[in-house]
Amino acid sequence: MPTTPPATLLHRVTPGAWTALAWCLSTLYSFVVQIRWPGEQLQPWGEKSHRIEPFAMSFGEQAMLLLAAALTVGACLLLTRQALVSTTLLVLGALVLTNGPLHTTSIAPQQYLPVCVALCFAAATEARRTSLCCAGLALAGLLGYVGTRLALGFRVGTSIEAVVLMMVVVAWVVGSSRRQEREHTEQMRSRVAEQAVTAERLRIARELHDMVAHSIGVVAIQAGAARRVIETQPEGARRALGVIEETSRETLAGLRRMLGALHDAESVGAGRPLAGLGDVDRLVENVRDAGLRVDVEWRGERRPLPPEVDLSAFRIIQESVTNVVKHSRTRQCRVSVEFRPGDLSVVVVDSGSGTGRGEGTGYGIAGMRDRVKLLNGDFTAGPRPEGGYRVTARLPVLMEV
C-alpha cells in the first residue's frame, strides 16, 4: 500500500514558529554581545553606551522588551493569514528593541532577522503583489529609521544598514524563487496528469475497437448467412444464430470487465483475467463458424508473458483475423506465433484479394501500430507481392535473469 513520505522539518514547523524562534535567538544574541568578554577591547556593532547592562535593565527597558515580545507573538499568529499586518508588527518590534533596551545607533542584522524570515515565508506562499507589499514595509521601516536619525542629526551605521537592506532583498528573492518553483512543479504535475488521462483514453479506445470490431464483424457475417439460408437450411441458420448469441455474450462480458477495471484499478472484473494468447483457440473457433479457417503455428518454447505483451499480441491477431473476414474475400489465413529469446513475433498472412486495408484506413492498423509502439516493438502491414496481405509485429520481452 503506497505511503506518503514524512514531511521535512521545514514543513512540520509552522512559519510563525520559525519566526518566533528567530526572534528569540536574535534577541538573546543582541544582549549577549553587549557583554565584554575576556580579551575583547571594543564593543561589537560600532559605538554603544558602556552603561548598558543587559541582565540588569531598568523598568522602562523591561517594558519595551515585553512590548517587542508581544508584537512578535501577534505577528507570528497572523503570519499565515495577514502577512502585511504580521510584517508591520515585526518591523515595529525591531524598532522598539533598537530604541529601547538595546540603545543602538543602527538596526543590527540580528534585530531584523525575524522580519526577513517572515518576509521569506510570505514571498513563498502569498501572491506576488502581497509579498512585494511586505518587502516594501520592511524597507520602509529600515529607511524610515535611518532617515529619522539623519534628520535629527544622530549617528547612523550606514554600512550596517546596507547589510540589513541586502538581507531584506535576499529574503524576498529566496521566497519568491521558492514560490515560482512550486508553481512550476504544480504545472508540470498537472500536465503529466493530463497526458496520462489522454493516454488512458487512447488505450480504452483501442481496447474497445479491437474487442467490438471483431465481434461485430463475426455477427454481421453470421447474420447474413442466417438470412440467406433460414428457409432452405433451418439447421444452418440455427447454428449461425447460436454463434451470434455466443459472440454477443462474450462481447458483453468483455465490456463489463473493462468497465469494472475502470471502476476498480486493482480488479479486471468478476475475477476473470484480461485476454491473451490463451484465447487464440477460442478466436479460431469463432471465425471458423463464420466461414474462415485459421491455421495457427506455434514456434519456440511457450512461456508466460507480461500482461501487456500477452494482451497486445492477442489483439493484433484478433484485429488481423477480423480484417481478413471483412476485407480479404478468402476463406483461409495463417497465424504464426514465435517465442524467441528477448521478443515475441506475430505474423498473420492471407492470400485474399480484398482492398481497402492500406495505410491510414480505419482504426485497425493504426491501433495495432500504436500498441506495438508503446511496447518499443516493430510493426509492418501491407499487401504481399504474390497476393494477399501480411501483418507482422515484434514485441520485446524482457528475459528474467
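The values are calculated or read from the model by the stated rules, or taken from the named source; none is laboratory data. All values reported here derive from a predicted model rather than from experimental measurement. No Cβ is skipped: glycine too gets one built from the backbone with ideal geometry, and neighbour counts run over all protein chains shown. Surface areas here come from the heavy atoms of the whole protein model, side chains and all, with no ligands, DNA or RNA. Shrake-Rupley method; radii C 1.70, N 1.55, O 1.52, S 1.80 Å.
In table form, for the structure just shown:
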| read-out | value |
| --- | --- |
| Test: residue in the range 299-307 that is touching a strand residue (DSSP E or B) at 6+ places or on another chain (Cβ under 8 Å), under 20 Å from Ala366 (Cβ atoms) and not in a loop (DSSP other than H, G, I, E, B) | no |
| Candidates Thr19, Thr14, filtered to the one that is at pLDDT below 90, open to solvent by less than 100 Å² (accessible area, probe 1.4 Å) and under 20 Å from Cys76 (Cα atoms) | Thr14 |
| Boolean, Arg293 is modelled with pLDDT of 80 or more and closer than 29 Å to Arg390 by Cα | yes |
| Residue under evaluation Val174, criteria (1) crowded, with 18+ Cβ neighbours inside 10 Å; (2) under 39 Å from the mean Cα position of the chain (by Cα), criterion not met | (1) |
| Close pairs from the range 229-241: first open to solvent by 100 Å² or more (accessible area, probe 1.4 Å), partner not aliphatic (A, V, I, L, M), Cβ under 8 Å, at least 6 apart | Arg239/Asp289 |
| Count of the range 319-360 residues which are modelled with pLDDT under 80 and either part of a strand (DSSP E or B) or of a type in the set (Ser, Thr, Tyr) (or both) | 3 |
| Condition met for Arg369 (open to solvent by 70 Å² or more (accessible area, probe 1.4 Å), at pLDDT 85 or above and within 21 Å of Ile204 (Cβ to Cβ)) | yes |
| Scan of the range 140-166 for residues that are in a helix (DSSP H, G or I) and open to solvent by less than 50 Å² (accessible area, probe 1.4 Å), ordered by number | Gly141, Leu142, Gly144, Tyr145, Val146, Gly147, Arg149, Ile160, Glu161, Ala162, Val164 |
| The lone exception for Gly271 - which of (1) in contact with a helix residue (DSSP H, G or I) (Cβ under 9 Å, 6 or more places away or on another chain); (2) modelled with pLDDT under 85; (3) in a loop (DSSP other than H, G, I, E, B) it fails | (1) |
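Every residue, every condition in (1) of a type in the set (Val, Ile, Thr); (2) surrounded by fewer than 18 Cβ atoms within 10 Å (Cβ to Cβ); (3) within 24 Å of Glu250 (Cβ to Cβ); (4) at pLDDT 75 or above, yes or no:
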| residue | (1), (2), (3), (4) |
| --- | --- |
| Glu181 | no, yes, no, yes |
| Arg189 | no, yes, no, yes |
| Ala193 | no, yes, no, no |
| Ala196 | no, yes, no, no |
| Leu208 | no, yes, yes, no |
| Met211 | no, no, yes, no |
| Ile216 | yes, yes, yes, no |
| Ala223 | no, yes, yes, yes |
